[in-house]
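No lab work stands behind these numbers, since they all come straight from the coordinates. Everything numeric here is computed off the predicted structure, so don't read it as measured data. FYI the Cβ positions are ideal-geometry reconstructions off the backbone, even for glycines, and counts take in every protein chain you see.
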Amino acid sequence: MKLEALPWIILFLPLLATAVITLFTLRCRTKSSLISISAVVAGFILSLVYIHANGWHSEHTETSRTWLSIGDLHADFGLKLDALSLMMLLIVTGVGGAIHIYSFGYMHEDKSMARFFAFLSLFTFSMLGIVLSNNFLQMFIFWELVGVSSYLLIGFWFEKPSAGDAAKKAFITNRLGDFGFLLGILMVWGLLGSLNFGVLEAVMTTNPAALGCCATLAGLLIFCGAMGKSAQFPLHVWLADAMEGPTPVSALIHAATMVAAGVYMLCRTLFLFDANALHVIAYIGGFTALLAALIAVQQNDIKRILAYSTLSQLGYMVMAVGLAGPTPAMFHLTTHAFFKALLFLGAGSVIHGLHEEQNIWKMGGLKKKMPVTFWTFILGTLALSGVPPFSGFYSKDSIFAQALHQHNYVLFTVAVLVAALTTFYMFRLFFVAFLGEPRTEQARHAHESPKVMTLPLLALAVFAVIGGFIGIAGLYGAQFHLEGESLTLAQQFLEPLHAPFALACGLGAVIIGLIAAFILYKKAATDPLPARLGWLSRAMRDRFYFDEIYQATFIRAHDFIASVCDLFDRWIVEGACIGLVRGGTDLTGRALRLAQTGNLQTYALLFALGVALVLYFALGK
Amino acid sequence: MHAGLEHYLTVSFLLFSLGLLGVILRRNLLVIYMSLELMLNAANLALVSFSRFNDNLNGQVLVFFIITVAAAEVSVGLALIVALYRRRQSAHVEDLTTMKL
């Protein structure tokens with residue numbers, strides 16, 4: 001392997017940036033942001049250099065140092081550099097770099113900009129750590145680091161109570177998933193005796209039944225981790241609230257990278273899952289996709305619509321993994337990173353231009369005022385909806401084809417339905433927020449964002465358009481040993497024709513969604529759906545009452561257990577045990593204090609009596 | 001009547017007891033200090049008489065040391081008492097209870 005040191009440098013550059021910012025330049029906004037931006041951009045360039053030198057599929061893909069060795073547990077600190085992680089490396093540093101640059105414009109007015117960039121670099125470091133890990137233990141550590149940096153960034157405006165609550169909710173919900181993940185890791189280690197992905201894969205390939213009767217359980221426990229990070233049902237509730245963070249954070253963490261970590265982890269460890277576990281994963285993914293798409297239809301906050309859309313697309317990816325299709329899953333993850341980051345940054349540009357207005361019904365008529373944002377946003381919308389030949393079309397189509405290939409017609413139907421809903425809610429957002437007449441004074445006085453914000457939009461838009469046929473799917477395909485031949489550009493362009501039924505259904509869904517959105521929202525001043533759907537629309541708007549249900553069941557039960565523990569602690573531990581010891585010591589102390597008169601002569605008398613007593617016992621007998 | 005060891009020791013014991021009583025009962029620091037000296041000299045007397053009756057010079061050597069050290073100790077102690085008096089305008093032990101809680 002050439003340039004072995006490069007990946008280490010790429011990994012630790014952002015950490016170095018965090019350290020330098022927090023230790024030295026916290027007072028200087030420009031310097032801090034430049035340090036952070038240059039760390040991630042340098043990472044991107046060095047990644048390109050490394051890939052150029054080694055190619056995507058080199059023979060030797062690991063570089064590691066022994067980190068700890070306790071008994072039978074040998075944990076390395078190592079980097080795995082195959083096509084899967086190299087592609088993720090490019091996504092994290094590339095999309096992340098665009099978002100860093102954008103943040104420079106977006107956060108310019110904020111007084112804690114240096115702190116923001118320190119957190120952003122910490123996040124980049126943790127995310128790179130997950131992507132490059134070659135073993136479960138290291139991945140888990142970075143997994144938690146990502147959780148922490150996400151917590152810090154969601155709660156960045158901590159003076160707002162809602163932001164603090166959202167940060168806590170995200171962190172705690174993730175911890176629930178991580179608990180299962182940790183149990184799964186321990187189970188795998190206990191049964192297979194190793195944590196290294198390469199070793200585990202070799203063991204599972206030679207002996208597929210190595211996990212025995214615990215295979216399904218171990219798989220589902222590991223999936224718990226992905227369920228938390230990738231916000232799958234029933235742990236999906238945190239993602240929408242996480243939109244309390246600054247918009248670049250929503251783009252970077254809650255759309256392009258962190259939430260993708262769950263899917264990435266599933267693809268990385270796919271060999272561990274047996275058929276039953278995959279089945280459960282597929283259905284949870286499909287259900288999440290449908291649920292989130294329905295909720296997105298009736299949201300009015302521009303960021304929340306995108307958040308539920310993210311949930312829905314993550315559901316697609318998880319479903320694809322469950323259908324034994326890591327290639328479509330990773331393909332969709334990659335294209336989704338491009339267009340969803342683009343959409344979030346576009347939304348951020350709109351919010352910036354309208355002075356922190358997020359309600360789409362208070363926007364409108366932005367085409368002339370914000371041309372760059374308008375055009376890039378429509379490209380992102382087309383890509384997300386799956387209109388050919390934009391990137392989302394190819395990746396979504398590969399998921400449909402995978403569902404058909406597995407003869408899972410239930411999930412295929414769900415996927416097509418979700419595609420129609422996706423087009424519908426995205427064009428609802430687009431028609432209402434961007435077209436028509438300005439609905440408020442703020443929308444009338446909207447202004448385009450500065451260059452530093454629009455340039456990243458343009459860069460991401462390019463990839464959102466061409467991402468579908470530049471060989472990304474082929475790279476992942478070769479990684480998962482599914483297809484050997486590499487396709488030319490033209491072949492990739494026409495790839496969906498191999499599964500004409502999936503193609504037709506996908507296009508039909510897009511057209512239906514588009515027409516429905518056009519009829520309902522082209523000239524709408526208010527939302528016509530609540531009148532037509534009644535209670536269903538209310539349920540969608542209120543997110544199917546999941547927060548309320550959790551509040552009434554889990555949180556109530558948790559509060560009850562907590563109060564019992566509190567009583568036990570207060571009366572048994574504190575009152576009886578500690579109280580007795582403390583009271584006894586106190587009383588003895590008070591009694592003994594009486595002997596201390598402070599008078600010299602009392603001490604002299606006692607001293608003399610003591611001496612007399614000693615003499616009596618020593619000599620008198 | 002020939003004076004034996006027990007006579008010397010009795011005197012020494014009486015001196016020591018007087019000194020001890022003085023330390024315990026008197027209130028003036030200077031007097032307490034003098035009583036302490038009395039106890040030291042009672043011990044000296046016992047040592048010298050042991051030395052005399054055992055035909056051994058060790059006790060006498062020890063007495064020299066005690067006298068020397070006592071001289072040094074007296075100078076330090078008196079200096080402390082004088083300093084204390086200047087600060088408090090009193091040399092009575094009942095007033096020295098600042099260490100008490």
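Ignore the peptide's own chain and count Cβ atoms of other chains within 10 Å of each Cβ in B:20-26; give me the average, rounded.
Rounded to a whole number, the mean comes out at 4.
What range in chain A is the longest one free of GluC sites (Glu not before Pro) that are in a loop by DSSP and have at most 15 other Cβ atoms within 10 angstrom?
Values: sites that count: A:Glu4, A:Glu59, A:Glu109, A:Glu159, A:Glu356, A:Glu483, A:Glu485.
The reported range is A:160-355.
So what is the calculated 222 nm ellipticity per residue for chain B, using -39500 (n - 2.57) for each DSSP H run with n of 4 or more, over all residues, to the nearest 500 deg cm²/dmol?
-27500 deg cm²/dmol
Post the alpha-carbon centroid distance, the stretch A:179-229 to the stretch A:271-323, in whole angstrom.
Here the two parts' Cα centres lie 23 Å apart.
Once label points are set 7 Å from the Cα along Cα→Cβ at both A:Phe179 and A:Lys451, what is their separation, rounded to one decimal in nm?
5.3 nm
What trypsin sites (Lys or Arg not before Pro) in the stretch A:69-138 are in a loop by DSSP, with at most 11 other Cβ atoms within 10 Å of the Cβ?
A:Lys111
Hey, can you rank A:582-593, A:382-393, A:212-223 by average C-beta count inside 10 Å, highest first? Mind dumping the intermediate values first?
Values: A:582-593: 9.8, A:382-393: 24.6, A:212-223: 19.0.
Top to bottom by mean Cβ count within 10 Å: A:382-393, A:212-223, A:582-593.
Give me the Kirkwood hydrodynamic radius of the stretch A:523-618, using the inverse of the mean 1/r over all pairs of distinct Cα atoms, in Å to one decimal.
On the way: mean 1/r = 0.0472 Å⁻¹.
Across the stretch A:523-618, the inverse of the average 1/r is 21.2 Å.
Normalise the Cα radius of gyration of the stretch B:5-95 by 2.2 N^0.38 Å (N = residues in it) and let me know the number.
1.28
Order of A:Tyr50, B:Tyr33, A:Tyr106 from fewest to most other C-beta atoms within 10 Å?
The most exposed by this proxy come first: B:Tyr33, A:Tyr50, A:Tyr106.
On a full-extension model of 0.36 nm per residue, what is the gain between A:Ala516 and A:Ile549, subtracting their alpha-carbon distance, rounded to one decimal in nm?
Residue separation times 0.36 nm, minus the Cα-Cα distance, leaves 8.7 nm.
What is the Cα coordinate range of the stretch A:1-160 on the first, second and third principal axes, sorted by size from largest, in whole angstrom?
Cα extents, longest axis first: 49, 39, 24 Å.
Check cross-link reach from A:Lys522 to the aspartates and glutamates: straight Cα distance under 12 Å, and skip same-chain residues fewer than eight apart.
Reachable aspartates and glutamates: A:Glu437.
In a shell of Cβ-Cβ distance under 14 Å around A:Val263, excluding A:Val263 itself, what net charge do Lys and Arg (+1) and Asp and Glu (-1) give?
Net charge in that neighbourhood comes out at +3.
For the residue pair A:Leu217 and A:Val614, what label-to-label distance in nm results when each label sits 7 Å from Cα along the Cα-to-beta-carbon direction?
6.8 nm
P(r) tail for the protein assembly as shown, what percent of Cα pairs lie past 48 Å?
Across the protein assembly as shown, Cα pairs with separations above 48 Å total 37 percent.
With r defined as the distance between the Cβ atoms of A:Gln442 and A:Asp72 and R0 fixed at 45 Å, what FRET efficiency is calculated, to the nearest 0.05?
Details: r = 64 Å, r/R0 = 1.41.
Working from the Cβ atoms, E equals 0.10.
How many angstrom lie between the C-alpha centres of the stretch A:11-56 and the stretch A:396-443?
36 Å
Comparing B:Asn28, B:Asn56, B:Asn41, which has the greatest mean-square fluctuation in the GNM of chain B with Cα pairs linked when under 10 Å apart?
B:Asn56
Peptides A:258-266, A:339-347: what's the order by average Cβ count within 10 Å, highest mean first?
A:339-347, A:258-266
What is the distance, in nm, between label points placed 7 Å from the Cα along the Cα-to-Cβ direction at A:Ser58 and at A:Glu109?
So the label points at A:Ser58 and A:Glu109 sit 4.7 nm apart.
Taking a threshold of 25 Å on the Cα-Cα distance, which of the pairs A:Lys2/A:Lys229; A:Lys229/A:Lys396; A:Lys2/A:Lys396; A:Lys303/A:Lys368; A:Lys80/A:Lys229; A:Lys229/A:Lys451 fall above it?
Values: A:Lys2/A:Lys229 34 Å; A:Lys229/A:Lys396 22 Å; A:Lys2/A:Lys396 36 Å; A:Lys303/A:Lys368 22 Å; A:Lys80/A:Lys229 21 Å; A:Lys229/A:Lys451 33 Å.
Too far apart for the 25 Å limit: A:Lys2/A:Lys229; A:Lys2/A:Lys396; A:Lys229/A:Lys451.
How would B:Ser51, B:Ser12 line up from fewest to most surrounding beta-carbon atoms within 10 angstrom?
Sorted ascending by nearby Cβ count, the order is B:Ser51, B:Ser12.
Output needed for the stretch A:458-587: three equivalent-ellipsoid semi-axes, defined as square roots of 5 times the C-alpha gyration tensor eigenvalues, in descending order, whole Å.
Semi-axis lengths for the stretch A:458-587 are 59, 31, 14 Å.
Under a Cβ-only charge scheme (Lys and Arg +1, Asp and Glu -1), can you give me the dipole magnitude of chain A about the Cα centre, in debye to the nearest 20?
The calculated dipole for chain A is roughly 1480 debye.
Order by neighbour count: A:Val573, A:Val318, fewest other Cβ atoms within 10 Å first, most last.
A:Val573, A:Val318
Using alpha-carbon positions, what is the distance between the centroids of the stretch A:80-104 and the stretch A:569-621, in Å?
70 Å
Give, in nm to one decimal, the length gained when the segment between A:Thr22 and A:Val280 is fully stretched (0.36 nm per residue of separation minus the Cα-Cα distance).
Here the segment from A:Thr22 to A:Val280 would lengthen by 88.5 nm.
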